[in-house]
1. Fewest first, what order do A:Ser153, A:Ser129, A:Ser47 take by the number of other Cβ atoms within 10 Å?
2. Calculated FRET efficiency, A:Arg102 and A:Glu45, Cβ-Cβ r, R0 22 Å, to nearest 0.05?
3. Taking 7 Å along the Cα-to-C-beta vector as the label spot, tell me the A:Ala157-A:Leu22 distance in nanometres, rounded to one decimal.
4. Hey, fewest Cβ within 10 Å first, where do A:Phe15, A:Phe130, A:Phe48, A:Phe107 land in order?
5. For a quick protection proxy, order the peptides A:91-100, A:53-62, A:22-31 by their average other-Cβ count within 10 Å, most packed first.
6. Pop out the ³J(HN,Hα) list for region A:67-79 in order, Karplus 6.51 cos²θ - 1.76 cosθ + 1.60 with θ = phi - 60°, rounded to Hz; leave Gly and Pro as x.
7. For region A:176-190, just list the computed ³J(HN,Hα) in residue order, Karplus coefficients 6.51, -1.76 and 1.60, θ = phi - 60°, integers in Hz, with x standing in for Gly and Pro.
8. Can you list residues whose amide H is under 5 Å from A:Thr19's amide H, if they're 5+ apart or on another chain and H is modeled 1.01 Å from N?
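Each reported figure results from applying straightforward, stated rules to the coordinates on display, with no laboratory input. As the structure is a prediction and not an experimental result, all values here were calculated from the model. A quick note on method: Cβ atoms are made from the backbone with ideal geometry, for glycine too, and the neighbour counts reach across all protein chains shown.
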Amino acid sequence: MAPHHFSACMNIVIFDLETTGLSPSENEIIQIAGIRMIGGRIVEEESFATFVKPESRIPRFITDYTGISNAHVRNAPQPANALLSFSRFVGDATLIAHNGNRFDMPFIRENCIRHRLPVRTVGFVDSMSFSRKLWGGRCGHGLDAIMNRLQLSDHGARRHDARGDVKILALAVRQMWEQLSPNFQHCPVALGDGVIPFNPY
DNA sequence: GCTAGGCAGGAACCCCTCCTCCCCT
């Protein structure tokens, strides 16, 4: 089997979560979306998206922010099932999320604990690292700032819906990666670890 | 009309610790 850091750059899943708030220990996941990128090519037809049914109601300000209402999640899978589906989609890919070191990965980890899901380790890269490496520490590294610098439009995607954000993030990652390592032969920023549910199938 | 938790980078300083800001919903 190829070393982890090699396959890491070939098979990537860029993903995003929408939640009921900012605290991984207090708040709940309401949407997961992912899109695959192989060798720098975004594979649109290999996309993943699901709403997730939270135990509590979605606060009004979250519905205003994300466009996701209680009606959207009424018949959605429970968190454990949604996370297991996501894990199957991920396979042995390396994950990328924006500010995922502090937000998305802790949310997944907390949910695995909360719902007693066994976990497995996957490679993880925070896409903010690409921006810091390219543009340094003085400018902003939020997705909006990166979109502006790359002159990326939202391509009609709805911002703050995971399906829209993940498409935009994939384009941004592809461009930033290309500027740092044009052949996509290696990952130009630090590769870390994360956990997602272990899926027995 | 509204909220909250924490990593990483930089400074100051010699190797860690502290601080502040950022960014995600």
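1. Ranking A:Ser153, A:Ser129, A:Ser47 by Cβ neighbours within 10 Å, fewest first, gives A:Ser153, A:Ser47, A:Ser129.
2. With a Förster radius of 22 Å, E is 0.10.
3. Label-label distance for A:Ala157 and A:Leu22, simple model: 2.3 nm.
4. In order of increasing Cβ crowding within 10 Å: A:Phe48, A:Phe107, A:Phe130, A:Phe15.
5. Numbers: A:91-100: 21.2, A:53-62: 13.9, A:22-31: 17.7.
Highest-to-lowest ranking by the protection proxy: A:91-100, A:22-31, A:53-62.
6. x, 9, 10, 4, 5, 5, 9, 4, 10, 7, x, 5, x
7. In residue order, the calculated couplings are 5, 4, 4, 5, 8, 8, x, 8, 6, 7, 9, 7, x, 10, 4 Hz.
8. When sequence neighbours closer than 5 places are left aside, the close amide H contacts are A:Ile30.
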